[in-house]
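Below is one structure; the comments refer to it alone.
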Amino acid sequence: MPKLFIPGPIDVSKETYAAMSQPMIGHRGAEFESLYASTQPGLQELGGTTRPFFLSTSSAWGVMEATLRNLCAKKVLTLCCGAFSDKWHDVALKMGIAADKIQVEWGDAISPASVRAKLEQGGFDLVTLIHNETSTGVMNDLAGIAKVVKAFPGVLLVVDSVSSFSAVPIQMDELGIDVLLAGVQKALALPPGLTVFACSEAAIERAKSLPNRGYYFDFIEFAKNAEKNNTPSTPAISLIFGLQHILGVIAAEGVRKRFARHAANNALIHAWGAHRDFRNFAPAGNQSVSLTCFHTPAGFDQSAFIKTLKSKHGFVINGGYGKIKGLTFRISNMGNETEATMNELIAAMDEVLG
Ligand SMILES: *Cc1c(COP(=O)(O)O)cnc(C)c1O
């Protein structure tokens, strides 16, 4: 089977699959409760929070949509800089939620000053931010933006960290993030189907005050069940076995070492790109450390490159996402990759390029 270096889903280790094939257990009982509880310290360390993490059997979009339904009474400000952040705005409109946006060119980052200027117009009670815009390889200034949002009482901040959670430090409590969410098939290197998220007390209070939250994605249902180390409905138990396993792997490595490994592996790809004259799509200072997005140079047959890399070497990289498909290509270094595996990929890419 080809090995994935696309920015999600990413390569899943044999050990993770083995952990996921443990015999099934019932979810209303002590075994599941202890499985659930075992995931909390690791998730809380990665998210920089003492708040409980909820486990949603859905991809990230389930919880992204749910943040709008649970938390927006007035108007949401969506910070749009790529495919996922732009779509969050569209989802708000599809739900009939009042929404305004800051839109920057794909490849640019959101500036904290622009967020301040927009919030000063008033009327907002929610901001959505994609920390690491996976479609463009842009990492936004989370601390700078969080600081701005915190200066506006009554405005909650939702942060999607799908492709940054466990790749870089995130301090939910210190930054005053109100919802931190991550689908597990990217930085956490699990198969898709589960999303982890934590809510501040203010987010829970806001949800309580809003009607029509539904059931499956009701944050109050999640909070009530989490008190008993459980989920509102039958969860993807096999994925939670996988989560328990990967959190053990992360603890054994140590989070600091994991962050440093991601930075070092990402630097290898940057150096390779510079050597090959591939320009980074993201600006200096806002480049993701979990994936790299390169401009496709004029005249470069990117699709042949990607095809040959797969057929001859069994490595899969991505040919750009959304409206920059073909104009860019992306390489992930998320999850379990090492200096050795990144160098294997680089050697293969060099061999294809000649
Ligand atoms: C992949 C991705 C999503 C969407 O995840 P789904 O699993 O398709 O719901 C959302 N946000 C970011 C930043 C992503 O990379």
For this session: Highest first, please rank the peptides 338-344, 44-50 by the mean number of other Cβ atoms sitting within 10 Å of their residues.
Result: 44-50, 338-344
For this session: Beta carbons within 10 angstrom, averaged per residue: use that to sort the peptides 170-177, 187-194, 206-213, highest first.
Result: 187-194, 170-177, 206-213
Seminar exercise, completed: Per the C-alpha gyration tensor (a ≥ b ≥ c, the square roots of its eigenvalues), the stretch 126-192 is rounded if a/c is under 1.5, else prolate if a/b beats b/c, else oblate; here it's prolate
Seminar exercise, completed: Under the Karplus relation with 6.51, -1.76 and 1.60 and θ = phi - 60°, whole-Hz ³J(HN,Hα) for the stretch 236-246, x at Gly and Pro, equal 6, 4, 4, 5, 6, 4, x, 4, 4, 4, 5
Problem set entry | Spacing of the two label points (7 Å from each Cα toward its C-beta) at T50 and A30, in nm | 2.9 nm
Problem set entry | Estimated distance in nm for a label pair at D100 and L353, the labels positioned 7 Å out from Cα along Cα-to-Cβ | 4.5 nm
For this session: At 7 Å along the Cα-to-beta-carbon direction for both A73 and K14, put a label point, then send me their distance in nm to one decimal.
Result: 5.5 nm
Seminar exercise, completed: Mean separation of Cα contacts under 8 Å (at least 6 apart) over the residue count of the stretch 14-251, i.e. the relative contact order in percent, is 28 percent
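Only sites in a loop by DSSP and with at most 15 other Cβ atoms within 10 Å count here; which chymotrypsin sites (Phe, Trp or Tyr not before Pro) in the stretch 50-119 make the cut?
On the way: sites: F53, F54, W61, F84, W88, W106; in loops: none.
For chymotrypsin sites (Phe, Trp or Tyr not before Pro) across the stretch 50-119 that sit outside H, G, I, E and B with at most 15 neighbouring Cβ atoms in 10 Å, the list is empty.
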Problem set entry | FRET efficiency estimate (nearest 0.05) - Cβ-Cβ, T308 to E205, R0 41 angstrom | 0.15
Exercise. When DSSP beta bridges are limited to those with both residues in the stretch 150-235, what percentage is antiparallel, rounded to the nearest 5?
Worked result: 55 percent
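Looking at the chain, send over the antiparallel percent of its DSSP beta bridges, to the nearest 5.
If we restrict to bridges inside the chain, about 50 percent are antiparallel.
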Exercise. Counting other C-beta atoms within 10 Å, which of C199, C80 has the fewest, and how do the rest follow?
Worked result: C80, C199
Seminar exercise, completed: Cα-based Debye curve of the chain sampled at q = 0.11, 0.13, 0.15 Å⁻¹ gives log₁₀ I(q)/I(0) of -0.72, -1.00, -1.29
Exercise. Out of the stretch 215-316, which trypsin sites (Lys or Arg not before Pro) are coil in DSSP terms and have no more than 16 other C-beta atoms within 10 Å?
Worked result: K228, R276, R279
Seminar exercise, completed: Which residues qualify? For F315, with a placed amide H closer than 5 Å and at least 5 residues away or on another chain, they are K3, K310
Problem set entry | At q = 0.13, 0.14 Å⁻¹, base-10 log of I(q)/I(0) for the stretch 5-122 (Debye sum, equal scatterers on each alpha carbon) | -0.79, -0.89
Problem set entry | For the stretch 86-93, 3J(HN,Hα) per residue [Karplus equation, 6.51 cos²θ - 1.76 cosθ + 1.60, θ = phi - 60°, Hz, x = Gly/Pro] | 4, 5, 4, 5, 4, 4, 4, 5
Exercise. Among N333, H89, F278, which residue has its Cα positioned farthest towards the positive end of the charge dipole of the chain, with +1 placed on the Cβ of Lys and Arg, -1 on the Cβ of Asp and Glu, and the dipole taken about the Cα centre?
Worked result: H89
For this session: Note the full-extension length gain between W61 and M1 as 0.36 nm times their separation in residues minus their Cα-Cα distance, in nm to one decimal.
Result: 18.8 nm
Exercise. Mind checking which of F300, F281, F222 has the largest fluctuation in a GNM of the chain, springs on alpha carbons under 10 Å?
Worked result: F300
Exercise. Per-residue HN-Hα couplings for the stretch 267-280, Karplus 6.51 cos²θ - 1.76 cosθ + 1.60 at θ = phi - 60°, whole Hz, x for Gly and Pro?
Worked result: 4, 4, 5, 4, 5, 4, x, 4, 4, 8, 6, 8, 8, 5
Exercise. Considering only Cα-Cα distances, which of the following residue pairs are longer than 27 Å: K101/K257; K87/K312; K228/K257; K75/K147; K87/K150?
Worked result: K101/K257; K87/K312; K228/K257
Problem set entry | Cleavage-rule hits, GluC sites (Glu not before Pro), the stretch 194-282, DSSP coil, Cβ neighbours within 10 Å at most 10 | E227
For this session: Please give the contour-minus-distance gain from A113 to A151: 0.36 nm per residue of separation, less the Cα-Cα distance, rounded to one decimal in nm.
Result: 12.5 nm
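Magnitude of the Cβ-charge dipole of the chain, K/R +1 and D/E -1, about the Cα centre, nearest 20 debye?
Roughly 420 debye for the chain.
Every number in this text was worked out from the coordinates using simple rules, so none of it is lab data. What you are looking at is a predicted structure, and each value in this text was computed from that prediction instead of being measured. Neighbour counts run over all protein chains shown; Cβ positions are idealised from the backbone, glycine included.
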